[in-house]
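Notes follow once the structure below has been shown.
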Amino acid sequence: STESTTEADSFTHKDTISYLSQPLITDHFTADPSAHVFEDKIYIYPSHDIPSSAQEDDTGAQYDMKDYHVYSMDSPNGKVTDHGEVLHVADVAWATKQMWAPDAAEKNGKYYLYFPAKDKENIFRLGVAVSDDPAGPFEPQPAPMNGSFSIDPAVFEDRDGTHYIYWGGIWGGQLQKWRTGKYHSTGDSPFADEPADEEPAIAPKVAKLSGDMLEFGEKPKDILILDQAGEPIKAGDHDRRFFEAAWVHRHDDTYYFSYSTGDTHTISYATGDNPYGPFTYQGVVLAPVQGWTNHHSIVKVGDQWYIFYHDTQISGKNYLRNIKMAPLQHNPDGSIQTIIPMEK
Ligand code: FUB
């Protein structure tokens, strides 16, 4: 059940709404929920968190996931159906470990699951798996997407039917090691290879998908996130710079690029007038949740927008998360009311 209140709290945003949501799934740990309406149902494509023997570190070794389940609901906050395991790392020829945040897309009655995993060289790549059913199971492609790297793929379908894939994540997500266009690592530290504080922040990536949905359809481009003065957000601006968890939705004619700020723990958003940006920073969609990571999706169901996100209410452990949902409101001027999550 989900209750709303309008209590003030320590955050100072133009409009905030405090929200108490309960975990949608309690028999598995789930995170990074990418939600879509397919075939008149809400389908959720989350990460499947599991306890790990891996030593916890700043690259996220403890996020040691091995498979994906798909979930569906007939209506918001309705009964959740678990469609079972739809893809396992052992069935992906090129992947070895860490099946992180996935997303899914539909084209011509086929469904495509996009997922990051580490390859045999310990480098994150993006894979695709295909199904005739939004509930899977999904058949993986034998190789990762050509030229892919880093984590957190998210696919947006524009009104003309063109699909765009957004991705990237710094630190454990390795995006900082691709600044030259090739993998270049000066060490195992997740903080090596970052720009200096005064340099522009590392940019998330976008590319049109190929017609068959299996590859990039063009050379990846940088997503530029600007401040209100039109200047690129700087690497040292941890409150506003991109960290991971890209998502794009369109409301009226505005494109919203939302993302996690990582070590400052918000889901922030920036707006633009086309899918490539540039996007201008606007504010916070979701204030910090319980747990280190913050990762979301935004989807319209009927006339109402929802945010899907996670926290650690059930386990109290950063890497054993549980997904939730809450309504999301756009103001008449296009700004988004900041959601203040409450846990209990
Ligand atoms: O779930 C593993 C990683 O944690 C995701 O890929 C990130 O976005 C963060 O939520």
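The values are calculated or read from the model by the stated rules, or taken from the named source; none is laboratory data. Keep in mind that this is a model prediction, so the values were computed, not measured. In this analysis, Cβ positions are derived from the backbone assuming ideal geometry, glycine residues included, and neighbour counts consider all displayed protein chains. In case anyone asks, the SASA skips ligands and DNA or RNA and just uses the protein heavy atoms, side chains included. Shrake-Rupley method; radii C 1.70, N 1.55, O 1.52, S 1.80 Å.
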>> Can you tell me which residue is most open to solvent (accessible area, probe 1.4 Å) among those in the stretch 284-315 that are of a type in the set (A, V, I, L, M, F, W, C) and closer than 19 Å to residue 60 by Cα?
In response: 292
> In this structure, is residue 244 of a type in the set (D, E, K, R), within 16 Å of the ligand (Cβ to nearest atom), under 23 Å from residue 294 (Cα atoms) and touching a helix residue (DSSP H, G or I) at 6+ places or on another chain (Cβ under 6 Å)?
Replying inline: yes
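Which of the residues belonging to the stretch 170-187 are open to solvent by 20 Å² or more (accessible area, probe 1.4 Å) and under 29 Å from residue 141 (Cβ atoms)? Can you show your working first?
Step one: of the stretch 170-187, the residues open to solvent by 20 Å² or more (accessible area, probe 1.4 Å) are 171, 178-187.
171, 178, 179, 180, 181, 182, 183, 184, 185 - these are the residues of the stretch 170-187 that are open to solvent by 20 Å² or more (accessible area, probe 1.4 Å) and under 29 Å from residue 141 (Cβ atoms).
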> What strands (runs of 3 or more DSSP E), lying completely within the stretch 246-344, carry at least 3 residues that are more than 18 Å from residue 17 (Cα to Cα) and under 16 Å from the mean Cα position of the chain (by Cα)?
Replying inline: 254-260
> Filter the stretch 146-169 for residues that are polar (S, T, N, Q) and crowded, with 21+ Cβ neighbours inside 10 Å; which is nearest to the ligand (Cβ to nearest atom)?
Replying inline: 150
>> So in the stretch 63-122, with the set limited to residues that are of a type in the set (S, T, N, Q) and more than 24 Å from residue 174 (Cα to Cα), which one is surrounded by the fewest Cβ atoms within 10 Å (Cβ to Cβ)?
In response: 108
>> I'd like the full set of residues that are β-branched (Val, Ile, Thr) and out of contact with any Asp or Glu (no Cβ under 9 Å at 6 or more places or on another chain), limited to the stretch 193-245.
In response: 223, 225
> If you take the residues of the stretch 316-340 that are within 14 Å of the ligand (Cβ to nearest atom) and polar (S, T, N, Q), which of them is surrounded by the most Cβ atoms within 10 Å (Cβ to Cβ)?
Replying inline: 322
>> Given the criteria in contact with a Leu (Cβ under 8 Å, 6 or more places away or on another chain) and either closer than 17 Å to residue 296 by Cα or at pLDDT 95 or above (or both), does residue 26 qualify?
In response: no
> Taking the stretch 274-283 on its own, how many of its residues are open to solvent by less than 30 Å² (accessible area, probe 1.4 Å) and either under 26 Å from residue 160 (Cα atoms) or within 13 Å of the ligand (Cβ to nearest atom) (or both)?
Replying inline: 4
>> Of everything in the stretch 181-206, what is over 22 Å from the mean Cα position of the chain (by Cα), within 27 Å of residue 258 (Cβ to Cβ) and of a type in the set (Gly, Ala, Ser)? Give them in sequence order.
In response: 181, 196
> In the stretch 41-71, what residues are part of a loop (DSSP other than H, G, I, E, B), within 11 Å of the ligand (Cβ to nearest atom) and among the charged types (D, E, K, R)?
Replying inline: 64
>> I'm checking my understanding of the structure. Among residues of the stretch 210-245 that are open to solvent by less than 20 Å² (accessible area, probe 1.4 Å) and in contact with a Gly (Cβ under 8 Å, 6 or more places away or on another chain), which one is farthest from residue 102 (Cα to Cα)?
In response: 225
